[in-house]
Amino acid sequence: MDTSTWTAVAGGVIGLVLAGVGARMLITGRAPGGIGRAFRSVRDAGLYHLLFGLGLVVLVVGTQLPGAHTATVTAVVAVLLAGVAVIRYRPRKKSEVHK
């Protein structure tokens, strides 16, 4: 297995784990201690992790699909997902006003 293959596999697994953690937080309504304290709400924490995980999965899958522009399009989608996560659901103190 060459470096690009195991890196893609590792990235995909990490993305799936992040998405799974985010989905679990959204379904159960509970977040692990440190994560729960870093975000304003469990929903924000869950969506942050879910969007980052899905973005990473989309990026990895896009590099493996055929097509001249597939990797570029999926990279743009992944950056948009990460952008929404960072702008809308980023970690912040509970006292910070949501704008």
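The values are calculated or read from the model by the stated rules, or taken from the named source; none is laboratory data. Everything quoted here is computed from the prediction, not taken from an experiment. With ideal geometry, Cβ positions are generated from the backbone for all residues, glycine too; neighbour counts draw on all protein chains shown.
Against the conditions (1) assigned to a helix (DSSP H, G or I); (2) farther than 22 Å from Val86 by Cα, where does Pro66 fall short? Just the number, please.
(1)
Select from segment 10-35 the residues that are over 22 Å from Pro91 (Cα atoms) and without any contact (Cβ under 8 Å) to a residue 24 or more places away in the chain and list them in ascending order.
Result: Ala10, Val13.
Which residue, of Gly53, Gly67, Gly33, is of a type outside the set (S, T, N, Q) and under 10 Å from the mean Cα position of the chain (by Cα)? Please lay out each step first, then the result.
Working: Gly67 fails: under 10 Å from the mean Cα position of the chain (by Cα); Gly33 fails: under 10 Å from the mean Cα position of the chain (by Cα).
Gly53 is the lone residue from the list that is of a type outside the set (S, T, N, Q) and under 10 Å from the mean Cα position of the chain (by Cα).
Confirm whether Leu54 is touching a Leu at 6+ places or on another chain (Cβ under 7 Å), surrounded by fewer than 21 Cβ atoms within 10 Å (Cβ to Cβ), at pLDDT 95 or above and part of a helix (DSSP H, G or I).
Answer is no for this residue.
Looking at (1) at pLDDT below 95; (2) within 18 Å of Val13 (Cα to Cα), which one does Arg40 not meet, given that it meets all the others?
Going through (1) at pLDDT below 95; (2) within 18 Å of Val13 (Cα to Cα) one by one, Arg40 breaks only (2).
Any idea which of (1) in contact with a Phe, Trp or Tyr (Cβ under 6 Å, 6 or more places away or on another chain); (2) surrounded by fewer than 18 Cβ atoms within 10 Å (Cβ to Cβ) is the one Leu47 doesn't satisfy?
In the conditions (1) in contact with a Phe, Trp or Tyr (Cβ under 6 Å, 6 or more places away or on another chain); (2) surrounded by fewer than 18 Cβ atoms within 10 Å (Cβ to Cβ), Leu47 misses (2) alone.
So is Thr70 among the hydroxyl-bearing types (Ser, Thr, Tyr) and either surrounded by 17 or more Cβ atoms within 10 Å (Cβ to Cβ) or touching a residue at least 24 places away in the same chain (Cβ under 8 Å) (or both) or not? Before you say what the answer is, go through the steps one by one.
Working: among the hydroxyl-bearing types (Ser, Thr, Tyr): yes; either surrounded by 17 or more Cβ atoms within 10 Å (Cβ to Cβ) or touching a residue at least 24 places away in the same chain (Cβ under 8 Å) (or both): no.
No, not satisfied.
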